[in-house]
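First up is the structure itself, then whatever we jot down about it.
The values are calculated or read from the model by the stated rules, or taken from the named source; none is laboratory data. A quick note: this is a predicted structure, and the numbers were derived from the prediction, not measured. Cβ placement follows ideal geometry from the backbone for every residue including glycine, while neighbour counts extend to all protein chains displayed.
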Amino acid sequence: AGEALKKLSDEAGEEAADSSKTVLTKEETDELTAWMRDNMGMQVKDVKVSDRYMTYPAIVVDFESPAVRRMMKMMAGNTDEPMPLSPCTVEINPRDPVISGLFALKGKDEELARKVAMQLLDNALIAAGLLDNPQSMLKRLNEILAATVN
């Protein structure tokens with residue numbers, strides 16, 4: 001997905017002059033985090049630039065642990081309904097090519113950029129063990145794949 005977004009950003013002309021650019025500037029990260037916060041809905045209380053070493057494009061922090069969520073589900077009667085997530089904070093890695101590609105993409109195809117941003121959130125939730133039903137993201141993931149191969 002990172003290479004596909006890189007290709008899209010090159011086509012958009014955002015990085016055509018300097019294809020080695022992968023780190024966003026402070027102004028670009030401020031713009032991107034505000035845009036992501038506005039487009040990620042109620043699941044996200046904040047989007048920040050991470051100051052920690054990361055190998056992922058984004059992670060979630062300030063969330064209820066999976067153990068606490070299981071306990072809450074047991075206390076609620078162990079229904080088959082997924083527990084709603086409390087709003088979390090997303091931290092992005094400005095050095096990641098997916099994040100720089102997302103910045104370029106939002107200027108070219110905002111609807112696809114929204115889908116990519118939501119996919120980044122779901123990926124981070126999966127990595128944290130918080131996404132109860134990963135099948136919920138398959139339709140969006142297939143739409144992203146279709147857009148990047150066309």
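Tell me, which residue of region 134-150 that is surrounded by 14 or more Cβ atoms within 10 Å (Cβ to Cβ) and within 15 Å of the chain's Cα centre (by Cα) is modelled with the lowest pLDDT?
Only one residue tops the list, namely M137.
Check every one of the helices (runs of 4 or more DSSP H) wholly within region 80-150 and list those with 3 or more residues that are closer than 13 Å to W35 by Cα.
Working: elements: 97-108, 110-127, 138-149.
Passing ranges, in order: 97-108, 110-127.
Hey, any hits in region 63-73 for a residue that's at pLDDT 90 or above and surrounded by fewer than 11 Cβ atoms within 10 Å (Cβ to Cβ)? Walk me through it before giving the result.
Keep residues of region 63-73 that are at pLDDT 90 or above, which gives none.
No, that holds for no residue.
Can you name the residue in region 38-48 that is out of contact with any Lys or Arg (no Cβ under 8 Å at 6 or more places or on another chain) and crowded, with 16+ Cβ neighbours inside 10 Å and, of all such residues, is modelled with the highest pLDDT? Steps first, please.
The initial filter retains those residues of region 38-48 that are out of contact with any Lys or Arg (no Cβ under 8 Å at 6 or more places or on another chain), namely 38, 40-43, 45, 48.
Narrowing the set further to residues that are crowded, with 16+ Cβ neighbours inside 10 Å leaves 40, 43.
Values: M40: 92, Q43: 87.
Per the criteria, the residue is M40.
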